[in-house]
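S.K.: Next up is a structure, given as structure tokens.
The values are calculated or read from the model by the stated rules, or taken from the named source; none is laboratory data. Since we're looking at a predicted model, the values are computed, not measured. Cβ: placed from backbone, ideal geometry, glycine included. Neighbour counts: every protein chain shown. Note: areas computed on protein heavy atoms with side chains; ligands, DNA, RNA excluded. Shrake-Rupley method; radii C 1.70, N 1.55, O 1.52, S 1.80 Å.
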Amino acid sequence: MLQAVKYVSILGSTGSVGTSTLDVISRHPGCFSVFALTASTQVDLMVSQCIKFEPAFAVMAQEGPGVLLQDKCKALGLSTRVMWGAAAIESVASHEQVDVVMAAIVGAAGLAACLAAARAGKQLLLANKEALVLGGHVFLDAVAQGGARLLPIDSEHSAIFQSLPEDASTWQLRIDKIILTASGGPFRTRDPLTLGDVTPQEACAHPNWVMGRKISVDSATMMNKALEVIEASLLFGVEPERLEVVIHPQSVIHSMVQYKDNSVVAQLGTPDMRVPIAYGLAWPNRMSSGAKALDFSSLADLSFESVDSGDHSLRFPGLKLAWSVLKAPAGSAAILNAANEIAVEAFLTQQIRFDQIHHVNTQTLESIHASEPKSLQDLLALDAQSRSMAVGVTARIGRK
């Protein structure tokens, strides 16, 4: 049984995670009230969400879409108050009436709002791995100081969280290692020599998951898994040497925890983001997600491959950057995250080839001396410096 009505702010409501969150909420009338929705540019979808869920606030990232949304809501006679800008997003993430914040804004753009929610002590459902990768200990300190409850929504980290002992103080004593699974994306069996010919459409065609374009490309390069390794180390306080990645094409086992006695606890489920979303919304209880149940009689095979076997190291060179960054000076993860965002956007706009994404990332990392960020301002300055450097690297590389 769920407790009293929970008031929810969804940061990034028009993206794949945001729409899935609203789908789960719609299945449990009387349990949740949508307090605020935020989005970047999709005004028409936001209007339809406002009509259905009647949030108190709807926030667009910029003034242009915000004014347009305001006009449309006014014409429809909606009571939702429309705002825009970063400060407005932070305000609905930290509002005193809000119980739960779904943080699903893609990339570094979501960091400030995540920090605001953390400092306000919210139940923070983190679907934006970049906020933690960029924010690092600045973000974790805000969580601790605000007394926030941080719940991972990435399928892998949710699976790990569900497979760990409830008492976090025993994690280090009881576990041997954490094993993150990876589907291998659309190019798991592709000849590495042909990766330079990959189109954005091919890179975004994930075989198992329905995701946004940026994270789909990250899955194709397995940079998403590199970021997830960094995130897992921070979330669970695990040394890099105790983190492992294994390719599991079926995406049924979402991650595993190996204990000191070599027993392994895993979380299984259909590849549907509504499962970890429902877990986060209902925590510490459980509720229906709307996802299909696993039919074990129809599972022909559960297979696994080493990330070091065959040509995988040539297909996914970016994966090893995770361990390099975790052993590098603090701030290195922020540099990698920023460089990758620039590189992926450059690929999607056909400024560079798919196989050049890794070169942008490595050259940017090599070009900046990292220093430990102490504040949001430090993080944003390092992020801006890294993006500028990555833009320069991208221009030099071009589509040679």
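S.K.: 7 Å from Cα along Cα→Cβ at both ALA4 and LYS72: what's the point-to-point distance in nm?
M.R.: In this crude label model, ALA4 to LYS72 measures out at 3.5 nm.
S.K.: Using 0.36 nm times the number of residues separating LYS177 and LYS374, minus their current alpha carbon distance, what extension gain do you get?
M.R.: Length gained between LYS177 and LYS374: 68.0 nm.
S.K.: Let me ask something else. Please give the net charge around GLY331, taking every other residue with its beta carbon less than 11 angstrom from that of GLY331, where Lys and Arg add +1 and Asp and Glu add -1.
M.R.: Charge balance near GLY331 sits at -2.
S.K.: Using a 1.4 Å probe, how large is the accessible area of LEU164, given in Å² and rounded to the nearest 10?
M.R.: Counting only protein heavy atoms, LEU164 exposes about 10 Å² to solvent.
S.K.: Once you have a ≥ b ≥ c as the square roots of the Cα gyration tensor eigenvalues for the stretch 249-346, tell me rounded if a/c is under 1.5, and otherwise prolate or oblate according to whether a/b is larger than b/c.
M.R.: It is prolate, given that a/c is not under 1.5 and a/b is the larger ratio.
S.K.: How large is Rg/Rh for the stretch 343-400, to two decimals, with Cα atoms and a Kirkwood Rh?
M.R.: In the stretch 343-400, Rg relative to Rh is 1.04.
S.K.: So, one more: Take the residue pairs LYS6/LYS122; LYS6/LYS214; LYS122/LYS225; LYS292/LYS320; LYS129/LYS260 and return only those whose Cα atoms are more than 23 Å apart.
M.R.: LYS6/LYS214; LYS122/LYS225; LYS292/LYS320; LYS129/LYS260
S.K.: Out of all DSSP beta bridges in the stretch 169-272, what portion is antiparallel? Express it as a percent rounded to 5.
M.R.: 65 percent
S.K.: Another question, if that's okay. What distance in nm separates the simple spin-label points at ASP261 and ASP167, each placed 7 Å from Cα in the Cβ direction?
M.R.: Taking the two extended label points, one gets 1.6 nm.
S.K.: A further question follows. Antiparallel as a % of all DSSP beta bridges within the chain, to the nearest 5?
M.R.: 30 percent
S.K.: What's the local net charge at GLU372, with K and R +1, D and E -1, over the other residues with C-beta under 15 Å away?
M.R.: Value of the local net charge: -1.
S.K.: Tell me the trypsin sites (Lys or Arg not before Pro) within the stretch 266-308 that lie in a loop according to DSSP and have at most 15 other beta-carbon atoms within 10 Å.
M.R.: ARG286, LYS292
S.K.: Quick one: in the chain, what % of C-alpha pairs are over 40 Å apart?
M.R.: Percent of Cα pairs beyond 40 Å in the chain: 12.
S.K.: Counting only protein chains, not ligands or nucleic acids, how are ASP191, ASP261 ordered by accessible area (probe 1.4 Å), most first?
M.R.: The ordering from most to least exposed comes out as ASP261, ASP191.
S.K.: With a 1.4 Å probe and all protein chains kept in place, how do LEU193, LEU151 rank by accessible area, largest first?
M.R.: LEU193, LEU151
S.K.: What does the extension gain come out to for ALA87 and SER324, with contour length at 0.36 nm per residue minus their alpha carbon separation?
M.R.: Going from the current span to full extension adds 81.8 nm.
S.K.: Leaving out ligands, DNA and RNA but keeping every protein chain, what accessible area does TRP84 have, in Å² rounded to the nearest 10, with a 1.4 Å probe?
M.R.: Result for TRP84: roughly 80 Å² accessible.
S.K.: Right, next: Just to be sure I follow the definition: excluding the sites themselves, where is the longest run in the chain that has none of the GluC sites (Glu not before Pro) in a DSSP loop with at most 13 other Cβ atoms within 10 Å?
M.R.: That gives 167-400 as the longest site-free run.
S.K.: Given the DSSP H assignment, sum -39500 (n - 2.57) over each helix run of at least 4 residues in the chain and divide by its residue total; what's the result at 222 nm in deg cm²/dmol, nearest 500?
M.R.: -13500 deg cm²/dmol
S.K.: Find out how many positive minus negative residues lie around GLN250, taking Lys and Arg as positive, Asp and Glu as negative, among other residues whose Cβ is under 15 Å from that of GLN250.
M.R.: -3
S.K.: While we're looking at this one, here's another question. Does the stretch 74-231 classify as rounded, prolate or oblate by the C-alpha gyration tensor (a ≥ b ≥ c root eigenvalues; a/c under 1.5 gives rounded; else a/b over b/c gives prolate, otherwise oblate)?
M.R.: oblate
S.K.: Report the charge-dipole magnitude of the stretch 299-400 in Debye, nearest 20, computed about the Cα centre from +1 at each Lys and Arg Cβ and -1 at each Asp and Glu Cβ.
M.R.: 380 debye
S.K.: Dipole magnitude of the chain about its Cα centre, charges +1 at Lys/Arg Cβ and -1 at Asp/Glu Cβ only, in debye to the nearest 20?
M.R.: 540 debye
S.K.: Once amide H atoms are built 1.01 Å from N in the peptide plane, which residues 5 or more positions from SER33, or in another chain, come under 5 Å H to H?
M.R.: Amide H neighbours of SER33, under 5 Å, 5+ apart: LYS6, TYR7, VAL8.
S.K.: Only four residue types carry charge here, +1 at the Cβ of Lys and Arg and -1 at the Cβ of Asp and Glu. Report the dipole size of the stretch 37-146 about the Cα centre in Debye, rounded to the nearest 20.
M.R.: The dipole magnitude comes to about 120 debye.
S.K.: Choose one of SER255, PHE139, ALA322: the residue whose Cα lies farthest towards the positive end of the charge dipole of the chain (beta-carbon charges +1 Lys, Arg; -1 Asp, Glu; about the Cα centre).
M.R.: Farthest along the dipole direction, towards plus: PHE139.
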